[in-house]
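The values are calculated or read from the model by the stated rules, or taken from the named source; none is laboratory data. Here the structure is a predicted model, which is why all the values come from computation and not from measurement. Note that we place each Cβ from the backbone using ideal geometry, even for glycine, and neighbour counts take in every protein chain shown.
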Amino acid sequence: MEYTQFIDGALTTNTNRESWVNYNPADNNPLGTVYQANEEDIEAAVASSQKAFQTWRTKTGAERGRVLLKTAEILRSRLEKIALLETQDVGKPLSESLAVDVSSAADALEYFGGMAATIHGDFVDLKNAFGYTRPEPLGICAGIGAWNYPIQIAAWKAAPALACGNSMIFKPSELTPATALELAQAFMDAGAPPGLFNVVQGDGRVGAMLTAHPGIAKISLTGSVATGKKIFAGAASQLKKVTLELGGKSPLIVFEDADISNAVSAALLANFYTQGEVCSNGTRVFVQHKIYDSFLSQLKERTEKISVGYPADPDTQMGALISKAHLEKVMGFIDAGKAAGATLLTGGIRPEKDFKGRDIRSGNFLTPAIFTDCEDAMEICKEEIFGPVLCILCFDSEEEVIARANDSAYGLAAGVFTNDIKRGHRVIHQIQAGTCWINNYNITPIELPFGGYKQSGLGRENSLAAIQQYTQLKSVYVELGNVDSPY
Ligand code: NDP
C-alpha cells in the first residue's frame, strides 16, 4: 500500500521523495509506505484548494449541505472497509472502529450538512437605515490531526469548515495516513469540486509549512499542548485564526451517594477505550472515602476481565498502543509511578498471549493498569500518559475535591457521579473544564460543543459553536436617507 497526497481530486503518483514505513501496531508488520509532502505538494494543494474555494463559496448553503450529506451516506456504505483500515492503522478494536469512529465522522457530516442552509446573519433596524451581518467563509483552512481518532478528527474539522463555504487541506498524523484519503475520495464521489478537501501526508514539518503558508487562513489542530503552542506561535506572525483541541488530565469525581456500578462503568470508559489513548480521559479518578473499598473491588474485577488482543478480532475489547515508542513512554510512566510509591493494583504489563491464547509478543500490547496509593503531586497524576493507566485518589469533602480537581494546567474534561442533582450541577459549575459530564463519561454527541479550558485548547468543535470558528462576520450598513454631512 502507498499513502500519497490527495490533491485536486486524485492521489498523486510522484513517489520520488522522503518516505517511511507505516506499521500495524498489532504485530509491527508493515502496512505500506507513506510519502512526505514537499514544498511543491503544498503549493499544489494550496492552488487547488484556492480554486475549489472560489466555486464552493458561491454555492448556496443547501447545495453545500447536499454534498456533505451524500458524503456521510458514502462513508456509512463503506463502514466495514474504513473501520478495518482504521483498526489496522491505530491498533484499536474493530468493534470500536465499527461502532464509533466511522459513524461519528458521518454524524458530523450529517449534522453540518443539515445545518448548512440555515447559516445566516442578523438584520438590525436602524434610524432611516438598516444593517445586516453576513457570516462569510475564511478561505482555505488547514486541519492537522492526531493519531487516535484519524477519520473522526478529519470529519470534525472538514464538516463545519466546508458547510461554511471554506475549502480544507488536511494533514493526518504521520502514524495514521490511511482514512483521511478515504474521506477525500468520499467527498469526490459525492460531487465535491476537486481540491475542496486535499490531503497532504507527513510529519510535523508539513504541519509547520501549512501553519506558515500565507495562502492558508486558519489552522485547526488536534494534538498535544506542546504542538498547540508551536502552532499558536507560528500562526501569530500572520494573525491566523486557530482552533486548538489539546491534551488533558481530567478528573472523574465519584461521590458516596453515586450508583457505584454506573460509576465503575464510566471509569472504565474514561480510561480504557482506545487503549486509553483519548484526550478527554478521566485519568484522575477521585473516590469518596466511604465507598472507596467497594468501588475499587468492582473496578479491579471488571478491569481484569477486559479482553486484550488482536484488534481485528470482533471480540477484542482492548487493542494495541499506536507504536513501540509510545508503548515504551507509557511503560516509563508506570515505572515512575511505582518508583514514586504508588501501588500498581493490576495490569501494566506486556502480555505474551491474548484472551484467546494467541501469541501477541510482537505487538504493542499492555494490560489495563490501575494505580492506588496515589498522591496529587505524583507524575502519573499530573502528566497526560495517553495510555491505559488509571489513577485512584481518595477524598473526603466536596470543597476539597473541587480544589484538587482544578489543580492542573489542563482543563479539557471532567465528570461527576452523584445521585444528588443539586450537588452534580454545583460541583460541575466549579470545575475548570470545557467538556463535562454528570453521571456518565466520554460521551461526545455532535450537538454539544467540545473543547478545553486553560492549556487544553482554544475554540470549540462540534455544535453551532463550530460555525463561529469557520466564518468571519461582515457588518453592512444600508442608508435609506441622505448623507448627513457636516461639510
Ligand atoms: P502531536 O501534538 O504530536 O501531533 C498532532 C499533529 O500535529 C500531528 O499531525 C503532528 O504530526 C502535527 N505536528 C507535530 N509538530 C507540528 C508542528 N510543529 N507544526 C504543525 N503540526 C505539527 O499529538 P499526537 O498525534 O501524539 O496525539 C496525541 C495528543 O493529541 C495528546 O496530547 C492528546 O491529548 C491530543 N488529542 C487531543 C484531542 C482533543 O480533541 N482535545 C483529541 C485527540 C488527541 P506528526 O504526527 O507527524 O508528528
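Within segment 149-183, the set of residues being of a type outside the set (Gly, Ala, Ser), in a loop (DSSP other than H, G, I, E, B), within 14 Å of the ligand (Cβ to nearest atom) and crowded, with 24+ Cβ neighbours inside 10 Å comprises 149, 172, 176, 177. Right, residue 356: of a type in the set (Lys, Arg), over 22 Å from the mean Cα position of the chain (by Cα), surrounded by fewer than 22 Cβ atoms within 10 Å (Cβ to Cβ) and closer than 22 Å to residue 90 by Cα or not? Yes. Annotation: of all residues in segment 209-224 being within 20 Å of the chain's Cα centre (by Cα) and under 12 Å from residue 143 (Cα atoms), the one that is farthest from the ligand (Cβ to nearest atom) is 218. Touching a Lys or Arg at 6+ places or on another chain (Cβ under 8 Å) and either among the polar types (S, T, N, Q) or within 14 Å of the ligand (Cβ to nearest atom) (or both): which single residue out of 466, 433 fits that description? None of the other options fit; the residue is 466.
Between 462, 439, the distinction of being crowded, with 18+ Cβ neighbours inside 10 Å, on the phi > 0 side of the Ramachandran plot and not small (Gly, Ala, Ser) belongs to 462 only.
How many residues does segment 86-106 contain that are over 16 Å from residue 27 (Cβ atoms) and either among the basic types (Lys, Arg) or touching a residue at least 12 places away in the same chain (Cβ under 8 Å) (or both)? Adding up the residues that qualify gives 12. Determine whether segment 18-35 contains at least one residue that is among the β-branched types (Val, Ile, Thr), within 30 Å of residue 120 (Cβ to Cβ), in contact (Cβ under 8 Å) with a residue 24 or more places away in the chain and surrounded by fewer than 16 Cβ atoms within 10 Å (Cβ to Cβ). Within segment 18-35 (the criterion being among the β-branched types (Val, Ile, Thr), within 30 Å of residue 120 (Cβ to Cβ), in contact (Cβ under 8 Å) with a residue 24 or more places away in the chain and surrounded by fewer than 16 Cβ atoms within 10 Å (Cβ to Cβ)), the answer is no, since none of the residues qualifies.
Checking each residue in segment 195-206 for being within 10 Å of the ligand (Cβ to nearest atom) and either among the β-branched types (Val, Ile, Thr) or surrounded by fewer than 24 Cβ atoms within 10 Å (Cβ to Cβ) (or both) picks out 203, 204, 205, 206.
In segment 231-259, which residues are more than 30 Å from residue 441 (Cβ to Cβ) and not small (Gly, Ala, Ser)? Result: 238, 239, 240, 241. Within segment 111-128, can one find any residue that is modelled with pLDDT of 95 or more, over 17 Å from the mean Cα position of the chain (by Cα), crowded, with 22+ Cβ neighbours inside 10 Å and among the aliphatic types (A, V, I, L, M)? Yes, there is a match, as at least one residue in segment 111-128 is modelled with pLDDT of 95 or more, over 17 Å from the mean Cα position of the chain (by Cα), crowded, with 22+ Cβ neighbours inside 10 Å and among the aliphatic types (A, V, I, L, M).
For segment 225-255, taking the residues that are surrounded by fewer than 16 Cβ atoms within 10 Å (Cβ to Cβ) and assigned to a loop (DSSP other than H, G, I, E, B), the one that is farthest from the ligand (Cβ to nearest atom) is identified as 239. Checked against the criterion of being away from the ligand (no atom under 16 Å from the Cβ), in a loop (DSSP other than H, G, I, E, B), surrounded by 22 or more Cβ atoms within 10 Å (Cβ to Cβ) and of a type in the set (Gly, Ala, Ser), the candidates 267, 263, 192 yield just one match: 192.
The set of residues in segment 278-289 that are more than 12 Å from residue 415 (Cα to Cα) and either surrounded by fewer than 24 Cβ atoms within 10 Å (Cβ to Cβ) or out of contact with any Leu (no Cβ under 8 Å at 6 or more places or on another chain) (or both) comprises 278, 288, 289. For segment 410-462, the set of residues classified as in a strand (DSSP E or B), β-branched (Val, Ile, Thr) and within 30 Å of residue 161 (Cβ to Cβ) consists of 435 only. Which residues, taken from segment 469-487, are in contact (Cβ under 8 Å) with a residue 12 or more places away in the chain and either out of contact with any Asp or Glu (no Cβ under 7 Å at 6 or more places or on another chain) or more than 17 Å from residue 166 (Cβ to Cβ) (or both)? Result: 469, 470, 473, 475, 476, 477, 478, 479, 480, 481. Is it the case that some residue within segment 370-380 is outside any loop (DSSP other than H, G, I, E, B), within 22 Å of the chain's Cα centre (by Cα) and either closer than 30 Å to residue 30 by Cα or among the charged types (D, E, K, R) (or both)? No, segment 370-380 has no match at all.
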